[in-house]
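Enquirer: Got a structure for you, written out below as structure tokens; questions coming shortly.
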Amino acid sequence: MPDSRSTPSRPATPPADSNPVEAAGEALRGLVERVAFHNPDNGFSVLRVRVEGRREPATVIGTVPSVHPGEHVEASGRWIRHPQHGHQFETTLVRVIPPQSLEAIERYLASGLIDGIGPVYAGKLVGKFGAEVLEIIAHESKRLEEVPGVGPKRRKEIRDSYLRKQALHGIMVFLHQHGISTSRAVRIYNTYGEESLELLRRNPYQLAEDISGIGFATADQIANQLGIEPQAPQRLRAALMHVLNSAADRGHVYLPRNELLAQTRELTSSLDPQLTPALAELLTCRQVVIEPDPAHTGSGGPDPAERPSDRIYPPRLMQAERDIAATMRRLGHAAARYPDIQVDKALAWVQQQTGKTLSEGQAAAVRAALERRALIITGGPGTGKTTVLNSILRILEAKGVDPVLAAPTGRAARRLEETTGHRAVTLHRLLEFQPAAGFGRHRDRPLKGSLFIVDEVSMVDTELLGHLVRALPAGAHLLLVGDADQLPSVGPGTVLADLLASAAVPVVRLTEVYRQAARSWIVRAAHAIQSGRLPEFPESGAEADCFFIERSEPEAIVEALRKVVTDRLPAHFGLDPRHDIQLLTPMHRGSLGAIELNRRLQDWLNPPRPEAGEIERGPHRFRPGDRVMQTRNNYDLDLSNGDIGFITDLRTEPLELRVRFDGGRLLTIEPDSLDDLQPAYAITIHKSQGSEFPAVVMPVHQQHYVMLQRNLLYTGLTRGRRVVVLVGTREALQLAVRRAEASHRHTGLADRLR
């Protein structure tokens, strides 16, 4: 029977079918029968609610931190007509009320929310204790053992689970009131447990330090609502750390003291006399470390904490720089320790074995790799880096050397494995990284092997290379392979550029383009861009593989992209638009950014089908058949950042996706992992690093002015294997080619290497 408490305070009868009711402020109260959808990221929910006076349950849509069948909701809002789903009550405010009637309590307990209770035990418990059952679970749980089948173990499981859910619900309500999403509330609770609210009230800035995805702005919002003073020491310390960590996110390894203070002043509206004690406290606690600017070392002058240009580091990044520099200086001056190799005979032998004649530069690279403990091999497309690497591997394997191959991303590792025939893994996998425990390989538990080869080293940041060099065993050899003209790492530092500039490690630069590769217009365009020249593009022809389509307006560019992806490339090259063609773009935002282009491409290539379903998550929507990319390492699912797959199945009750990733792995993606997926019809050029695609299509327009750089254009162009199409303006193309100066990053590695 309907609960007597479900009577709405105002009539909840929907309007006539002809028009939606425009008036706002209606009230609805009822029993939640079913949670049809709940987005843990923002709390958006679709509820089926039993309202007195209505024969059928009402559909209620709105934001609520946590809700379960059997609970009551009070909602204010208005009735609307959805074109597909009919009448819905769209709420502006939802308040959850604990279940009151016996029927509601039983439904609540039977929902699976409480560990140890299903429909059977829900009926037993309500039959035994009636409306007092929830109070008994919380405060007199020993009495639960009066119910047949409930022993001490189940009783404890029920009580602990119920109290956890109650605490979590309270925390989520508190956090939603302060603008924090449900998924973040869960992470907060998982981190701090029942102390969450106490910690939040004491120092909300701790969230920014401890929990991924919660930054200074969110913590500052909570602090402001809790009445924490703008110049409170904990706020100023948190702001300094936020500025320093944000700089690391932009690629800086450290900040000069004057820049750190200036950015923090702007963020907090504080003065240096207020910030200086906060910085001093961070230094005392070793949350940051300071190092004199080498330009002023030994010159006397002000106290180290007062020199404007001195470098302030996160400790982990300073230690990484020191470890990289020490290891590279040591290995860079050491001779190889391989079994005896007569290099000239080995070079002749490997060319006979492979049937490939090495150029002078390639032979020099193989020789250096056999003679030195550490070596960097760099070169652009078509210069034969793969040939060199395979020659080195063939010779050393004949001498009994077992190589270890790695790359920064999963796709780069798979490419390395395909081109060499040797197993390759990501650096994180090699170093046995686990989110909770950190890196399993380190000085006290080094890696096993004598030769370590890292490909796509331009993508490796300072911190990751620091972990690698710390884990190298005694006697190890290190071979780094990469293209110095590509984009620098997403993470802090410019490792490859600093190593090349330092002369601390031997370097072989491959510059000669193979005759066969030289026929490729892609390779020609890449080397033209590399040397600062505007590339030439063919009109057509059997060997033409790189094209430029000139369009001025963004909408005209979008239309040209549509024709290229859906018609021209499939017709002329036999390419599958969803599997073989990758659209790359410099930015996420804008009409030519990845988010908007994904929506367009999705509608062109995989339009909505009512029977298949669709879900939205932030700016993204997902449908069965969509091409998607994993954006963060997930070690539970063995997924790497950059892995691409296709959605094979989508369910909303409960919410889950099934995705078939590269290699045929079919994985279930639960709601808490969904934020790590994004549509991959269009991705940023940064995200494409280390990958290669049969076809690349790329808009080039002044809309991307701030991002247009030579290395960005070069990186995007060289991702294409069979064909590349650029669409845009010659002005934007010229601007990108001219801009050779990379964005400056504060890094001390080059100084240490010297």
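The values are calculated or read from the model by the stated rules, or taken from the named source; none is laboratory data. Remember, predicted model here, so these are calculated numbers, not experimental data. So basically every Cβ, Gly included, is an ideal-geometry build from the backbone, and we count neighbours across all protein chains shown. With ligands, DNA and RNA removed, areas are computed over all heavy atoms of the protein, side chains included. Shrake-Rupley method; radii C 1.70, N 1.55, O 1.52, S 1.80 Å.
Enquirer: Can you give the relative contact order of the chain as a percent, counting alpha carbon pairs under 8 Å and 6+ residues apart?
Expert: In percent, rounded to a whole number, it is 9.
Enquirer: What is the P(r) of region 540-640, as percent of Cα-Cα pairs per 10 Å bin from 0?
Expert: P(r) for region 540-640, in whole percents per bin: 12, 38, 35, 13, 2.
Enquirer: Something else about it: For region 184-276, which trypsin sites (Lys or Arg not before Pro) are both in a DSSP coil and crowded by at most 12 other Cβ atoms within 10 Å?
Expert: ARG250
Enquirer: What base-10 log of the normalised intensity I(q)/I(0) is obtained for region 267-426 from the Debye formula, alpha carbons as equal point scatterers, at q = 0.08, 0.10, 0.11, 0.15 Å⁻¹?
Expert: With one equal scatterer per Cα and no solvent, log10 I(q)/I(0) is -0.45, -0.61, -0.67, -0.89.
Enquirer: Longer than 32 Å from Cα to Cα, which of LYS345/LYS385; LYS345/LYS448; LYS165/LYS687; LYS356/LYS563 are they? Say none if no pair is.
Expert: LYS165/LYS687; LYS356/LYS563
Enquirer: Could you work out, for the chain, what percent of all Cα-Cα pairs fall into each 10 Å distance bin, beginning at 0 Å and stopping at the bin that holds the largest distance?
Expert: 2, 11, 18, 22, 20, 14, 8, 4, 1, 0
Enquirer: To the nearest 20 debye, what is the magnitude of the charge dipole of the chain about its Cα centre, counting +1 on the Cβ of each Lys and Arg and -1 on the Cβ of each Asp and Glu?
Expert: My answer is approximately 1340 debye.
Enquirer: Roughly how many Å² of HIS527 are accessible to a 1.4 Å probe, to the nearest 10?
Expert: 40 Å²
Enquirer: Here's something else I'd like to know. What are the extents of the Cα atoms of region 140-261 along their three principal axes, listed from largest to smallest and rounded to whole Å?
Expert: That gives 70, 31, 21 Å along the principal axes, largest extent first.
Enquirer: Further question on the same structure: Step by step: find N for region 402-560, compute 2.2 N^0.38 Å, then divide the Cα radius of gyration by it. What's the final number?
Expert: That works out to 1.30 for region 402-560.
Enquirer: Same structure again: Can you give me the solvent accessible area of TRP349 with a 1.4 Å probe, rounded to the nearest 10 Å²?
Expert: 90 Å²
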